[in-house]
Structure formats: C-alpha cells, structure tokens
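Report on one structure; see the data block that follows.
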Amino acid sequence: MIEYYYFFGVSITDIRIGDKLVMKKVHPCGNNIFTVLRIGMDFRISCDKCKREIMLPRKKVEKGIKKIIRDGETL
Ligand SMILES: [Zn+2]
C-alpha cells in the first residue's frame, strides 16, 4: 500500500530535485533549510548553510517536512 502524506495540499511525490525543504528538525549547524539532490527510496539533501549532504529515508522526509520552496515560492 502506498501512503501519501499531504501538507499544505502538496504530496511528497511532488518534490523535485532542486526544491528546498524546510524541515522540522534543525541541522547541528542551526539551519533547517535543505536542497533536494536525489529522490528515491532514500532522499539525498544538502544543508543550505554548511553544504553537508545527508541521506534520509523517504519516511523521515515525509514526517519531517514543514514546507517546500520552489523558485522562491512556498508550495
Ligand atoms: Zn548544516
């Protein structure tokens, strides 16, 4: 069964490479905005402040997103 997680009317399946994700969890460097580098079972995202890359299971991304920013606009 496929579960879709909706927030602000947007499904996680709408996330594209290059989108910025505002996450509930704050990176140790104090930033909570990440850029999407790869999408799949695992998501690869990079911290916008320290540029460190993180691999996150899809589930964690689904649960951790506050909002998606694309081209400077909140989806
Ligand atoms: Zn960071």
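3J(HN,Hα) couplings calculated from phi for the range 58-75 with the Karplus curve 6.51 cos²θ - 1.76 cosθ + 1.60 (θ = phi - 60°) are, in sequence order, 3, 4, 5, 5, 4, 7, x, 7, 9, 7, 10, 10, 10, 6, x, 10, 7, 7 Hz; Gly and Pro show x. A run of the chain free of exposed loop cleavage sites, with chymotrypsin sites (Phe, Trp or Tyr not before Pro) counted only in DSSP states other than H, G, I, E and B and at most 14 other beta carbons within 10 Å, reaches its longest extent at 9-75. Beyond 17 Å, what share of the Cα-Cα pairs of the range 6-74 is found? Please give it as a whole percent. Roughly 32 percent, once rounded to a whole number.
Modelled spin-label separation between I69 and L37, with each label point placed 7 Å from Cα along the Cα-to-Cβ direction: 1.9 nm. Summarising the amide proton neighbourhood of K49: residues at separation of 5 or more, or on other chains, whose placed amide H is nearer than 5 Å comprise an empty set. Charged side chains reduced to their Cβ positions (Lys and Arg at +1, Asp and Glu at -1) give the chain a dipole of some 300 debye around its Cα centre. Between the listed residues C47, V61, V22, the Cα displaced farthest toward the positive end of the dipole of the chain, a dipole computed from Cβ unit charges relative to the Cα centre, is found at C47.
Bear in mind these aren't lab numbers, they're just calculated from the coordinates by the rules spelled out. Note that the structure is a prediction, hence the values are computed from the model and not measured. Counting neighbours? That spans all protein chains shown, and the Cβs are built from the backbone with ideal geometry, glycine included.
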